[in-house]
Amino acid sequence: MPKVTIDGVMIEVPEGTTILQAARMIGERNKADRHVVPPAMCYYTNLKTSGGYCRSCLVKVSKGSDRDPRPMPKPVASCRTNVMDGMEVQNTTSPELLDARKGVVEFLLINHPLDCPICDQAGECHLQDLSYENGTEASRYEFERRTFVPIDIGDTIKLHMTRCILCYRCVKVADQITDGRVHGVINRGDVSEISTYIQNAVDNDFSGNMIDVCPVGALTDRTFRFASRVWFTKPEDAHRSCERCSGRVVLWLKGNEVLRVTGRKDQWGEVKEFICNTCRFEKKDLADWKVEGPRHIDRHSVIGQGHYELETKQQLLKAPAPNVPELVRNKELKER
Amino acid sequence: MSARTRPITTTAGTRPFAFSEAALAECKALMARYPEGRSKSALIPILHIAQSENDGWLSVNAMDAVAHVMGLQHIEVYEVASFYSMFNLHPVGTYVLDVCRTAPCMLRGSDDLIAHLEKKLGVHCGETTKDGMFTLKGVECLGSCGTAPMLQCGAGYHEKLTIESADALIDALRARNQRTNYTDQ
Amino acid sequence: MSRKLLFEHIATPGIRGLEGYRANGGYRSVEKALRTMSPEAVLEEVKKSGLRGRGGAGFPTGLKWSFLAKPEGVPRYLVVNADESEPGTFKDRYLMERIPHMLIEGMITSSFAMGAHTSYIYIRGEYFCRPDHRTSDAEARAAGWLGKNILGSGFDHEIHVQVGAGAYICGEETALLESLEGKRGNPRIKPPFPAVMGLYNCPTVVNNVETIAAVVPIVNDGGEEYAKIGIGKSAGTKLISAGGNVKRPGVYEIDLGITCDEFINSDEYCGGVEGRAFKAVVPGGSSVPIIPYELFLKTATGESRLMTYESLADGGFATGTMMGSGGFYAYNDAQCIVRSTWNHARFYSHESCGQCSPCREGTGWMEKILHRLEHGEGRSEDIDLLWDVQRKIEGNTICPLGDAAAWPVASAIRHFRDEFEYHIRFPQKVKDPKHFEKEPFARNPKFATA
């Protein structure tokens, strides 16, 4: 099995593993090493052929492999590049790479409206995380941004094209887990847009997953629209028996009111089990569900600022040190 | 450059589209020439045919007919049609004048040519004259840099244009008043 | 006087038709290859010839062919890239219009070497419209050069002409394959490379028109003979399409290795400048760095620059440029480099497929900054901003379009920064689009060799 070293941390992974996956394995093995994991805005483990577009996961390959140690001439998309035995990768340890990533963040933001104060995605937005962790304080872009009128694509989904970063995830969801796709990417270049082209409703049993995979607030749940800030809600793992999907979801509660139902996202922000629209949009009564207990939310998330998660003193003591090296490291990098 | 989204169109009340028999046969022949299961390869050639059968542009009805003939989802056709610059998604004039504006043509006076045509026709690039005769389009390099400035109208290249020869061309086209398509023989 | 391998009969009457082509030695390479050679022997000749891809990247053709995977029972394809849309380049159109059968002959011979039984010519939509390109393959089929059991050799081959519809990006080989499969022209992420997984997921070679045409003289006369022309790794002849402010625009076949001075100034080729003085040259299509005229003639070390891949690139991007596709255009001193750079940036912004973020957003941003500069609204920080934006696009995109968009901007700033500064300093003057026509810009000599 090939061995790869990312930012000085080595791991042995199965043949055919991508650099990004290897980095995530390192992060899962030891939380303190999570800094080796590149950010990903368009890659999605469960969606085939996803990734490679946003360029935020670019890494520097300073040694190709033991057999051919030459460095790769350009940064590579870690989500689409397989590891080779003896490969050495730089993520946060290469200043040029961090500079290139700053550029990617700036590009992604030049036409983004930054309307976080009125965006339902705020608080769980990957673009917010990406720009906070990898971007600069200000943009140098002064021209008019491209704008689109928000439209409804069906009864349950709102499309704010203005916020879209063209990650293609929703297109792949429609292609791979629904029967029949009615939306896609039209036009090209910087006038490309996600669209149905003609007035059309995205209407099938699994369409709601487009909302879950959207890294920004371009596709939002109309049944949750402006209902609450996500950090004022209380996420609980719950399940029900469903004939279409696993029925394993997260309920976002306010008191006993189910404001929203979503799939369960892992620590990398990805849903592992897609859920059906019935579970997502129609089961908004707590009595429909068997609640398992509070959803674990990572401490760095604004949602995690809630104080609901029952952790005993014992558990807290056992838990690995909460990301302190990571925070310090980020601070150091920012100061550099 | 803001608010690029056109209102999502409705097909209600728009002109229907159907392939002519000859065109339909051509479409079938095109689809048959690729390996099995790969007939989608014929999409671009078939869109060209549909466009020439629909007064030089691809209406939603025309694209839906293509999807039907090829057994594709409608969005697959819209995605492709909107990617390529030779496909017009809005009605065009009898003649579409594709004037090359890229650097090698610019060095030989395409800016002046375009300014002249805009003035003469009373439209900006991308617009159609009121009488529906001409659509003026600024396009990127057409591979005729040695004979610049030039424009394409239908299948024909009109090269080494001067203000005078461009005027003569416009007058001749206007007098002939017959639609030209890219697919004309 | 350069040798004419591709253009030997360019002026012969009737060469466009099959009969005239055949009468002047056409299809000899097919006869020779299919009757007397093995596929491996043809590949060997191409390797020996030192032929390099003529589409722009200059990758050794024989090597490319040898990478072709040959799994059992899986078809292989040759795809000819006739999507010529690099600004300044019109050599392939010229060749296909005047000697269309040469391309078909080259395709049959090359496909024989690769063991490909189907090949496609992907031709840009604008070219296909011209009737010249459509009839030749029907003619060849009728005469038995295509179809089953060609010349009784047991080799079957079919050629299909596939039309594009206006997208520069489809000249990138994987975008071309996507387009040929009836999809949007979005470049694929490599690896896998087309030689392993190309058209319809089968092993595929994508070659430029001129490259495939050059296989004809290579097989006819032998690879060694071909390699005798040129210097070092720049072997053979190359078609250069000349435009811009030269006296004699047109397509010229040159021996690789003639001096740049000869090419631009002798009456056999460009014939010098029209009226005024030369200011700058783009020797290989808009994607290659623009360089000042003096640096085009002589390298930074004072040697005569030659028309070879190596010599044109001498000095790296600091003082050199690239051979590219051979789309050559020259600027006289009435031209404005900022205007031309804006024009280039608009082109790349228009042609970006929009798939990856640095190119989609960055090309549009550069276009807007350059538009502002050229129209007298530039700001003092704009030049550094442009530099930084192009730097953040280059190397960070899926396909080379990002680099191609960045290089013209970078080279213009590198060599003509004072012209950009002039635009910021004299906004009123540059509001007249012909600002340098009456009063040519006097360059600060320090930037000439910066």
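In table form, for the structure just shown:
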read-out	value
Search result, residues across region B:18-49 that are among the hydroxyl-bearing types (Ser, Thr, Tyr) and part of a loop (DSSP other than H, G, I, E, B)	B:Ser20, B:Tyr34
From the options A:Arg140, A:Arg181, residue that is of a type in the set (Lys, Arg), closer than 26 Å to B:Asn88 by Cα and assigned to a loop (DSSP other than H, G, I, E, B)	A:Arg181
Residues of region C:373-424 that turn out to be more than 22 Å from the chain's Cα centre (by Cα), of a type in the set (Val, Ile, Thr) and outside any helix (DSSP H, G or I), as a count	0
Filter pass, A:Asp120 being more than 13 Å from every other protein chain (Cβ to nearest Cβ), exposed (fewer than 15 other Cβ atoms within 10 Å of the Cβ), touching a residue at least 24 places away in the same chain (Cβ under 8 Å) and assigned to a loop (DSSP other than H, G, I, E, B)	no
Residue in region A:9-18 that is in contact with an Asp or Glu (Cβ under 6 Å, 6 or more places away or on another chain) and surrounded by 17 or more Cβ atoms within 10 Å (Cβ to Cβ) present	yes
Lone qualifier among A:Gln199, A:Gln176 - being facing another protein chain (nearest Cβ under 7 Å) and out of contact with any helix residue (DSSP H, G or I) (no Cβ under 9 Å at 6 or more places or on another chain)	A:Gln199
From the options C:Gly25, C:Gly62, C:Gly20, residue that is more than 18 Å from the chain's Cα centre (by Cα), farther than 22 Å from C:Ser241 by Cβ and surrounded by fewer than 15 Cβ atoms within 10 Å (Cβ to Cβ)	C:Gly25
Number of the condition not met by A:Arg146 [criteria: (1) facing chain C (nearest Cβ under 9 Å); (2) surrounded by fewer than 23 Cβ atoms within 10 Å (Cβ to Cβ); (3) without any contact (Cβ under 8 Å) to a residue 40 or more places away in the chain; (4) more than 30 Å from B:Gly71 (Cα to Cα)]	(3)
Flag if B:Asp98 is on the phi < 0 side of the Ramachandran plot, crowded, with 16+ Cβ neighbours inside 10 Å and not in a helix (DSSP H, G or I)	yes
Index of the failed condition, B:Met63 passing every other in (1) more than 10 Å from chain C (Cβ to nearest Cβ); (2) touching a Ser or Thr at 6+ places or on another chain (Cβ under 9 Å); (3) at pLDDT 95 or above	(2)
Selection status of B:Cys125, of a type in the set (A, V, I, L, M, F, W, C) and touching a Phe, Trp or Tyr at 6+ places or on another chain (Cβ under 6 Å)	no
Restricting region C:305-347 to residues that are touching a Leu at 6+ places or on another chain (Cβ under 7 Å), hydroxyl-bearing (Ser, Thr, Tyr) and not in a loop (DSSP other than H, G, I, E, B), the residue that is farthest from the other protein chains (Cβ to nearest Cβ)	C:Thr319
Condition broken by C:Tyr168, with the remaining ones in (1) among the aromatic types (Phe, Trp, Tyr); (2) within 21 Å of the chain's Cα centre (by Cα); (3) surrounded by fewer than 22 Cβ atoms within 10 Å (Cβ to Cβ) satisfied	(3)
Residues satisfying the stated conditions in region C:68-115, i.e. crowded, with 24+ Cβ neighbours inside 10 Å, more than 11 Å from chain B (Cβ to nearest Cβ) and small (Gly, Ala, Ser)	C:Gly106, C:Ser110, C:Ser111, C:Ala113
Among the candidates B:Val69, B:Val99, B:Val77, residue that is touching a residue at least 12 places away in the same chain (Cβ under 8 Å), in the same structural domain as B:Glu159 (by TED's automatic domain parsing) and not small (Gly, Ala, Ser)	B:Val99
Qualifying positions in region C:129-157 - more than 30 Å from C:Ala69 (Cβ to Cβ) and either more than 14 Å from every other protein chain (Cβ to nearest Cβ) or crowded, with 24+ Cβ neighbours inside 10 Å (or both)	C:Cys129, C:Ser136, C:Glu139, C:Ala142, C:Ala143, C:Gly144
Residue in region B:127-139 that is among the small types (Gly, Ala, Ser), under 22 Å from C:Glu84 (Cα atoms) and facing chain C (nearest Cβ under 9 Å) present	no
Residues of region C:158-194 classified as at the interface with chain B (Cβ under 10 Å from one of its Cβ atoms) and touching a residue at least 12 places away in the same chain (Cβ under 8 Å), total	18
Selected residue (criterion: modelled with the lowest pLDDT) from residues of region B:153-173 that are surrounded by fewer than 16 Cβ atoms within 10 Å (Cβ to Cβ) and within 14 Å of another protein chain (Cβ to nearest Cβ)	B:Gly156
Qualifying residues in region C:425-437 (those that are in a helix (DSSP H, G or I) and under 34 Å from the mean Cα position of the chain (by Cα)) - the one surrounded by the fewest Cβ atoms within 10 Å (Cβ to Cβ)	C:Glu437
Some residue of region C:107-116 being in the same structural domain as C:Val215 (by TED's automatic domain parsing) and within 28 Å of B:Ala148 (Cβ to Cβ)	no
Residue tally, condition under 21 Å from A:Ser139 (Cβ atoms), more than 10 Å from chain C (Cβ to nearest Cβ) and of a type in the set (Gly, Ala, Ser), over region A:90-113	0
Candidates B:Ala103, B:Ala81, B:Ala148, B:Ala115, filtered to the one that is within 14 Å of chain C (Cβ to nearest Cβ) and at pLDDT below 95	B:Ala148
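Here is a yes/no grid of residues against (1) of a type in the set (Gly, Ala, Ser); (2) over 27 Å from C:Lys228 (Cα atoms); (3) at pLDDT below 95; (4) out of contact with any Lys or Arg (no Cβ under 7 Å at 6 or more places or on another chain):
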site: C:Lys48; (1), (2), (3), (4): no, no, no, yes
site: C:Pro75; (1), (2), (3), (4): no, yes, no, yes
site: C:Thr89; (1), (2), (3), (4): no, no, no, yes
site: C:Gly106; (1), (2), (3), (4): yes, no, no, yes
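The values are calculated or read from the model by the stated rules, or taken from the named source; none is laboratory data. What you see is a predicted model; the values in this text were computed from it and never measured. Note that each Cβ is placed from the backbone with ideal geometry, even for glycine, and that neighbours are counted across all protein chains shown.
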